[in-house]
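The values are calculated or read from the model by the stated rules, or taken from the named source; none is laboratory data. These figures come from a predicted structure and were not determined experimentally. Backbone-built Cβ (ideal geometry, glycine too); neighbour counts: all protein chains shown. Remember, those area values only see protein heavy atoms, side chains included, never the ligands or the DNA or RNA. Shrake-Rupley method; radii C 1.70, N 1.55, O 1.52, S 1.80 Å.
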Amino acid sequence: MPHDSLSTPHRERPRRGHLQARKLGVYLLAVLFAVLGLAGCGGPGADSEAPPEQALNRTVTIAAGALPSSVNELIAQTRAADTGLIYFMLYLPLLKENTDFKDGPATFGPRLAHAWEFSDDRRQLTFHLREDAKWSDGVPITADDVRFTWEAQRSPEVAWSGLEMKTPIVDVEVIDPHTVRFHYETPYANQLVDAAQGVILPKHVWSELPFSAWRESNLWFQERAVSSGPFVLERWQEGERLVLRRNEHYFSEQMPAYDTLVIRAVPDEATRIAQLRAGEANFSIIEPAGAVMVKEIPGLELIAYDYRQIGFVTWNQRRPIFQDVRVRQALTFGIDREAIVETLNFGYSRLTASPYLIGAWVYNENLERRPYDPDQARALLAEAGWRDTDGDGVVDKDGEPLRFTLETNNESKLRQNITVMIQEQLSRVGIDVEVGSADFGALIERERAGNFDASVLGIGIDTSWNLDALFHSRSIGAHSWNLGAYRNEEVDRLIDEIQAVAEPADAKPLHDALQELIWREQPVTILYQNQKLVATQGIGNVAPSMISAWANVAAWQLVDD
Amino acid sequence: MAVYLVRRLASAVLLLWVLLSATFLLIHLAPGNPVDLMLGEERVSVEFRASEIARLGLDAPLGEQYLRWLGAMVRLDWGTAHDGRPALGKLLVALPATILLAFGVVMVRYGLGIALGVLSAVRQDRWQDHAIRIVTLVLFALPTFFLSYLAIEWLSVRAGWVPTGGMRSDQPPATLVARALDILRHLLLPALVVGVSSCGRIVRLVRGGLLDVLQQDYVRFARARGLSSRRVLWRHALPNAIGPVVQHLGVSLPQLLSGLLIVEIIFAWPGIGRVAFEAVGQRDYAVILASTSLSGLLVVIGSLATDWVHAAMDPRVRDAQA
């Protein structure tokens, strides 16, 4: 070796280097193709059956922030995408709750069941199933599937999060293939709601797997997603996309007007908007800040829709300062909710004073929203004994300044901004607010223990119109949502009475009185009811609902240009 | 040599243990828990919440959770994700995509870096040299996300040359070759962005190395023998100047595999960075720990391999450390 390198150093070494470079090139190419092959194969189930290129002319593409977690409702996480996929694309429940809660209590419409009736003692509820309903593999949907679903829903091994809705149903009896009877111990108001909750699962396929294995078998279900809804799952590419195809066995007259539906994972919002603009996607959920941009782009349509969530400030009434109703009212007068909605929500939220959904039949139309009125706030504070005696700009009483900490969960940039805005607004009426934030779970835990002053949070409102969890004194502490420990006998009585009324529509005067009382008392200051936004391109007839942005996906129309 | 390797291996294992224990403590000591995050602002029963916490094993004292987890790691059991799948499996499914992206970045970074480096050296102190220095410096200084959005805007949305993101089309082309081309088309944009923005360092390495080598006697001798200057440059000088670049590649490859997170998110690239990102959002402890383990393992293996190659190649290193 030494001899070699001595003899012809500058001819040998470069040539060897060159040779190695060439080898390296070949090697790199080989690696490239190996990796391409690997990546191409992707996860399990991917590409296994590449469809022939035919009839793919009509595809609708959703750019989603995150893909659904499962095809099986009972083991899925409760993401928005899960509800959308399971309820509006793949599976059908017995009944669907109509969105007619504006005129009166929501009614139910037929899905897998075309008729239903209660026994005279209301302890039996009988469903008549559609005889033309089939699974996507052609097998008829029968009463056996309904009973199997109930068994799975109640199984402690499956541990479904909605389990408690099914506990009052003591038995599900198969009368004949298309008749099934639910048995209840005692009659109660939400019998129909509880029975209808949850989609019906395919017994002939899914019963092969024991309940004890369900939690760990997400992939197993993906590969056996025999469906009953308008679509069938064709491919699930982990982290990339779901490809769905129209279910030719779907019984409904409302067949989708396109054959393929793609749900693509695009975590970044700016990229989602770019995909809409480039014509690569038709639909995307966007945040209010993005809406400002979307509005300016020709060809993109922005749809704002009401969402079943309200944002509010909780005043912790374990603290003496918040026990005086005049102080709570002054706080509401001192917060410019209009400015919050306009600047922080970019106008995409609706101002309200009621904890019920705007426009719902229970909503009290006569409720007047307190305007932003700093003078009124100062007057009320003075009435309650809070005056700026030492001239430091902060009102005080018995030598104590009016000072508290307003917190929120740090996952929400919006709510953090809201706390800062409220801080500034309240300083103008002489209240010294400090702001803070914490992790959602930690904050809730601390609030339930009573260790906080005030907080900005949001809460989901459903159509059961039950304010028990928010304002009833029995919901203080432990695990409920009366975080401010609000206690009022009259409110308790009204909430209980509403739930005891047999015919929900008769409770309207009670609902009105309850809202009036809460409005007067201001245990919380309600800021707004949320709106959500979607942007679309090249599709029409998009109508998001409070339940899901994809609620009418089967009725979407491609706009031909 | 054997002693050296064993010693390096032992320190690598120690390093991994420290890294993983620190990660474990950090994510478990942070306030809040995955169950509340998973349930969000939905109202669920007390019993369900408690049973979920028990299912995830979060009801045990932290010390016990730590020992249980460490024992599982030793048995190569990387835990179960929230969705019931093995955490390692989730990552391994995403790994090829990340390797492919890293590969694309390497091609662009080193290809462009070497080409521009040679040009800089040959045109030393002339306008080409200055222009390359300024442009690569600016590209290096710009945040990756900003370059990404610029690239998407100009090359994808306006020009329509390449897709805005993803790794392949919704409907895979029929033939294998067409599928490979489809993936390459998707790879172009993210690989270009990261490769171009990070090629400046390679340019400097190649330029410096080449300027040194071009001063050497054997280069002058080769020129004197009448070889064309192109031949001298590419066949004699460059291969001798490229050593530091190969070493740089060895060190940066494992880092590249674990450092593509932002690009993977912006370009919707289905790699391990995105899996880890989603896991952090959901507090999926098993997946967070598994991805930290995997990244740590890659970096440790990468640096071990580089050291070993270095030691094997250079007796001075080997003898000094043995």
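Look at (1) within 13 Å of another protein chain (Cβ to nearest Cβ); (2) farther than 22 Å from residue A:156 by Cα; (3) open to solvent by 70 Å² or more (accessible area, probe 1.4 Å); (4) at pLDDT below 75 and you find that residue B:42 fails only one, number (2). Within the stretch B:243-287, the set of residues being buried (at least 21 other Cβ atoms within 10 Å of the Cβ), within 9 Å of chain A (Cβ to nearest Cβ) and modelled with pLDDT under 80 comprises just one member, B:283. Being in contact with a Pro (Cβ under 7 Å, 6 or more places away or on another chain), assigned by TED's automatic domain parsing to the domain that holds residue A:526 and open to solvent by 10 Å² or more (accessible area, probe 1.4 Å) is true of residue A:438.
The rows are residues; the columns are (1) under 30 Å from residue A:383 (Cα atoms); (2) small (Gly, Ala, Ser); (3) in a loop (DSSP other than H, G, I, E, B); (4) more than 23 Å from the chain's Cα centre (by Cα).
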site: A:285; (1), (2), (3), (4): no, no, no, no
site: A:289; (1), (2), (3), (4): no, yes, no, no
site: A:310; (1), (2), (3), (4): no, no, no, no
site: A:317; (1), (2), (3), (4): yes, no, yes, yes
site: A:326; (1), (2), (3), (4): yes, no, no, yes
site: A:330; (1), (2), (3), (4): yes, yes, no, yes
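The residues of the stretch A:457-475 that are more than 13 Å from chain B (Cβ to nearest Cβ) and either closer than 23 Å to residue A:436 by Cα or open to solvent by 40 Å² or more (accessible area, probe 1.4 Å) (or both), listed by number, are A:463, A:474.
Looking at B:279, B:191, just one residue is assigned to a helix (DSSP H, G or I) and closer than 30 Å to residue B:58 by Cβ, and that residue is B:279. Can you confirm whether residue B:63 is open to solvent by 40 Å² or more (accessible area, probe 1.4 Å) and either assigned to a helix (DSSP H, G or I) or of a type in the set (Ser, Thr, Tyr) (or both)? Yes; evaluated as a whole, the condition is true for this residue.
Just one residue in the set A:234, A:238 is within 13 Å of chain B (Cβ to nearest Cβ), more than 17 Å from residue B:84 (Cβ to Cβ) and in contact (Cβ under 8 Å) with a residue 40 or more places away in the chain; that residue is A:234. Across the stretch A:281-293, what is the total count of residues that are surrounded by fewer than 23 Cβ atoms within 10 Å (Cβ to Cβ) and within 14 Å of chain B (Cβ to nearest Cβ)? Adding up the residues that qualify gives 2.
The number of residues in the stretch A:189-203 that are part of a helix (DSSP H, G or I), open to solvent by less than 30 Å² (accessible area, probe 1.4 Å) and under 29 Å from residue B:89 (Cα atoms) comes to 0. Select from the stretch A:320-342 the residues that are open to solvent by 30 Å² or more (accessible area, probe 1.4 Å) and under 21 Å from residue A:528 (Cβ atoms) and list them in ascending order. Across the stretch A:320-342, the qualifying residues are A:329, A:336, A:338, A:342. Residues that are at pLDDT 75 or above, within 11 Å of chain A (Cβ to nearest Cβ) and either surrounded by 18 or more Cβ atoms within 10 Å (Cβ to Cβ) or under 34 Å from the mean Cα position of the chain (by Cα) (or both) occur in the stretch B:70-80; there is at least one. Within the stretch A:86-106, not a single residue is within 14 Å of chain B (Cβ to nearest Cβ) and either in a helix (DSSP H, G or I) or in contact with a Gly (Cβ under 6 Å, 6 or more places away or on another chain) (or both). Being in contact (Cβ under 8 Å) with a residue 60 or more places away in the chain, facing chain B (nearest Cβ under 10 Å), open to solvent by 10 Å² or more (accessible area, probe 1.4 Å) and not hydroxyl-bearing (Ser, Thr, Tyr) holds for only one residue in A:308, A:264, and it is A:264.
Matching residues to (1) outside any helix (DSSP H, G or I); (2) assigned by TED's automatic domain parsing to the domain that holds residue B:187; (3) under 23 Å from the mean Cα position of the chain (by Cα); (4) not β-branched (Val, Ile, Thr):
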| site | (1), (2), (3), (4) |
| --- | --- |
| B:83 | yes, no, no, yes |
| B:103 | no, yes, yes, yes |
| B:107 | no, yes, yes, yes |
| B:112 | no, yes, yes, yes |
| B:120 | no, yes, no, yes |
| B:125 | yes, yes, no, yes |
| B:128 | no, yes, no, yes |
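Only residues that are within 25 Å of the chain's Cα centre (by Cα), over 29 Å from residue A:280 (Cα atoms) and of a type in the set (Val, Ile, Thr) were counted across the stretch A:196-246, and they come to 2. If you go through the stretch B:219-242 one residue at a time, do you hit one that is more than 13 Å from every other protein chain (Cβ to nearest Cβ), at pLDDT below 85, out of contact with any Gly (no Cβ under 8 Å at 6 or more places or on another chain) and open to solvent by less than 20 Å² (accessible area, probe 1.4 Å)? There is no residue in the stretch B:219-242 that is more than 13 Å from every other protein chain (Cβ to nearest Cβ), at pLDDT below 85, out of contact with any Gly (no Cβ under 8 Å at 6 or more places or on another chain) and open to solvent by less than 20 Å² (accessible area, probe 1.4 Å).
Give the residue that is surrounded by the fewest Cβ atoms within 10 Å (Cβ to Cβ), with candidates limited to residues of the stretch B:136-175 that are among the small types (Gly, Ala, Ser), within 22 Å of the chain's Cα centre (by Cα) and facing another protein chain (nearest Cβ under 10 Å). This residue is B:166. Taking residues in the stretch A:434-454 that are under 19 Å from residue A:476 (Cβ atoms) and within 14 Å of another protein chain (Cβ to nearest Cβ), and partners anywhere that are modelled with pLDDT under 90 and in a strand (DSSP E or B), the pairs with Cβ atoms closer than 6 Å and at least 6 places apart or on different chains are A:443/A:409.
Per the conditions (1) over 18 Å from residue A:524 (Cβ atoms); (2) in contact with a Phe, Trp or Tyr (Cβ under 6 Å, 6 or more places away or on another chain), the sole criterion not satisfied by residue A:399 is (2). The residues in the stretch A:140-168 that are open to solvent by 50 Å² or more (accessible area, probe 1.4 Å) and part of a loop (DSSP other than H, G, I, E, B) can be counted, and the count is 3. Step by step: first the residues of the stretch A:539-560, then only those that are part of a loop (DSSP other than H, G, I, E, B) and in contact with a Gly (Cβ under 7 Å, 6 or more places away or on another chain), then the one that is surrounded by the fewest Cβ atoms within 10 Å (Cβ to Cβ). Which residue is that? Among them, the one singled out is A:559.
Check residue A:171 against each of (1) part of a strand (DSSP E or B); (2) in contact with a Phe, Trp or Tyr (Cβ under 7 Å, 6 or more places away or on another chain) and name the one condition it does not meet. Evaluating residue A:171 over (1) part of a strand (DSSP E or B); (2) in contact with a Phe, Trp or Tyr (Cβ under 7 Å, 6 or more places away or on another chain) leaves (2) as the failure.
When the stretch A:241-261 is examined, which residues are found to be among the polar types (S, T, N, Q) and either at the interface with chain B (Cβ under 9 Å from one of its Cβ atoms) or over 23 Å from residue A:74 (Cα atoms) (or both)?
A:252, A:254, A:260 - these are the residues of the stretch A:241-261 that are among the polar types (S, T, N, Q) and either at the interface with chain B (Cβ under 9 Å from one of its Cβ atoms) or over 23 Å from residue A:74 (Cα atoms) (or both).
The condition (being in a helix (DSSP H, G or I) and hydroxyl-bearing (Ser, Thr, Tyr)) is satisfied by just one residue among A:419, A:463, A:389: A:419. So, of the residues in the stretch A:213-230 that are open to solvent by less than 20 Å² (accessible area, probe 1.4 Å) and under 19 Å from residue A:140 (Cβ atoms), which turns out to be farthest from the other protein chains (Cβ to nearest Cβ)? Of everything passing the filter in the stretch A:213-230, A:228 is farthest from the other protein chains (Cβ to nearest Cβ).
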